[in-house]
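Colleague: What follows is a single structure, and I will ask about it in a moment.
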Amino acid sequence: MPYENVRPSLRKAGPAAGAAMLLLCLTPLATAAPAPVGSVQQAMEELAGVPGVVGAVGGAFVDGRPVGQGSAGSRLLDGHGGRIPTNARHRIWSQTKHMVATVVLQLVQEGRLGVDDKLGGLLPAVVEQDLVARADEITVRQLLRHTSGIPDWYAGRPNPDGSEGEPSFDVFDFSTPYRPLDLVRWSRGRPRTGEPGEKWSYSNTNYTLLGLVVEKLTGRHLATELHTRLFGPLGMTRTHLMVKPPDGVKGPHGHGYYPDSDGRPRDVDRYNAGLAGAGAGGVVSTAHDVSVFHRAFAQDRLLPPELRRILTDPLPGAAHPRGAGLHRCGEDFSIAGGLGPGSLAMTFYSADGRRQFAMSFTLSVKPGDVKIDAGRAVESVFCPSSSAAAP
């Protein structure tokens, strides 16, 4: 699978996630019968009280039906702007990768490419312009599973103390029109992370390239393919791929903030759509819509099992052990998450697709510096009795 397993406490995954913009988990795990549902609103109020969180929204779903929604904190910094509407759109960051991977594998199912096709043959420009080293050896499978060895265009150098460093670009540049190949070019001078297929190493460049592969094969923009193949058929009416500046989040929503060089939080609501890397992290959605997608994926309504396993089979050298999840409910949940300047989003979902809990948080600090125990929130909603008994 092209995603790292992450534990319920985001604190444990924060530094790696901050460098990678987003981490995802697609671990199919055993499920149990649904338990009574607790208060989503109360869970959101507790999480909104975490230092560094400006606003929090969440929605829980069972068998496709909403069983609770919540909103806490505020739309703007320092309590201004009222609460975020519970159905507000928000950036889902690297959960975009899960959707792009699904589209790529649908093209494989249609016979339009193979998982062992080489990047250089699919995108000759990366060879002609010397944008990706060893492009003639790297396969679609390796791009999907983050085993290509291609360095990440997004991640800057970490700080000497190991804490999250600044991204490799100006977070406060809201208007420069970056193209996907511009971002790929940024990664060219960085050292490879391994031999093709050797080990897992998270890189947004993999999915920026896969988005370009989709466009090359279909002759249509990635945004169109995502809508035609996923958003439209699934009824995800409030979901779209941001394309270029000044594209942003439509409707009332939470604003995220990022500290400037003096440590003061600055509004990054107009975060540059080009710097989301298109296929790497550019989708805007809602708790309802993103839960619809994860439900359909888990229930094999988007891909046949043999292709889905390309994303869910164990990864060589992944940073976290497989099977990380929640166990007090008598059920394990997988975690799909993503983060970027100003916000983070995650969806917990059961392997049978029956239950989802999607959350979004706007921040006033770097995403890697916030301590959100979202796993406990899931427990409080889907198994309130065990959550109350936990120390």
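Colleague: Restricting to segment 260-303, give me the number of residues that are in contact with a helix residue (DSSP H, G or I) (Cβ under 8 Å, 6 or more places away or on another chain), touching a residue at least 40 places away in the same chain (Cβ under 8 Å) and assigned to a loop (DSSP other than H, G, I, E, B).
Modeller: Residues in segment 260-303 being in contact with a helix residue (DSSP H, G or I) (Cβ under 8 Å, 6 or more places away or on another chain), touching a residue at least 40 places away in the same chain (Cβ under 8 Å) and assigned to a loop (DSSP other than H, G, I, E, B): 5 in total.
Colleague: Now for a different question. Could you please give the count of residues in segment 140-171 that are surrounded by fewer than 15 Cβ atoms within 10 Å (Cβ to Cβ) and either modelled with pLDDT of 95 or more or on the phi > 0 side of the Ramachandran plot (or both)?
Modeller: The qualifying residues number 1.
Colleague: Of these, 243, 290, which one is within 20 Å of residue 104 (Cβ to Cβ), surrounded by fewer than 18 Cβ atoms within 10 Å (Cβ to Cβ) and within 19 Å of the chain's Cα centre (by Cα)?
Modeller: The unique qualifying residue is 243.
Colleague: Buried (at least 22 other Cβ atoms within 10 Å of the Cβ) and at pLDDT 95 or above: which single residue out of 234, 131, 212 fits that description?
Modeller: None of the other options fit; the residue is 212.
Colleague: Do we find a residue being at pLDDT below 50, crowded, with 24+ Cβ neighbours inside 10 Å and under 30 Å from residue 315 (Cα atoms) anywhere in segment 25-39?
Modeller: So far as segment 25-39 goes, yes, one or more of its residues are at pLDDT below 50, crowded, with 24+ Cβ neighbours inside 10 Å and under 30 Å from residue 315 (Cα atoms).
Colleague: Can you list residue pairs whose Cβ atoms sit under 6 Å apart, with the first residue in segment 217-246 being of a type in the set (S, T, N, Q) and the second being surrounded by 14 or more Cβ atoms within 10 Å (Cβ to Cβ) and not in a loop (DSSP other than H, G, I, E, B)? Count only pairs 6 or more apart in sequence or on different chains.
Modeller: 218/225; 239/231; 239/285; 239/289
The values are calculated or read from the model by the stated rules, or taken from the named source; none is laboratory data. Note that this is a predicted model, so its numbers are computed, not measured. Don't worry about glycine lacking a Cβ; one is built from the backbone with ideal geometry, like all the others, and counts go over all protein chains shown.
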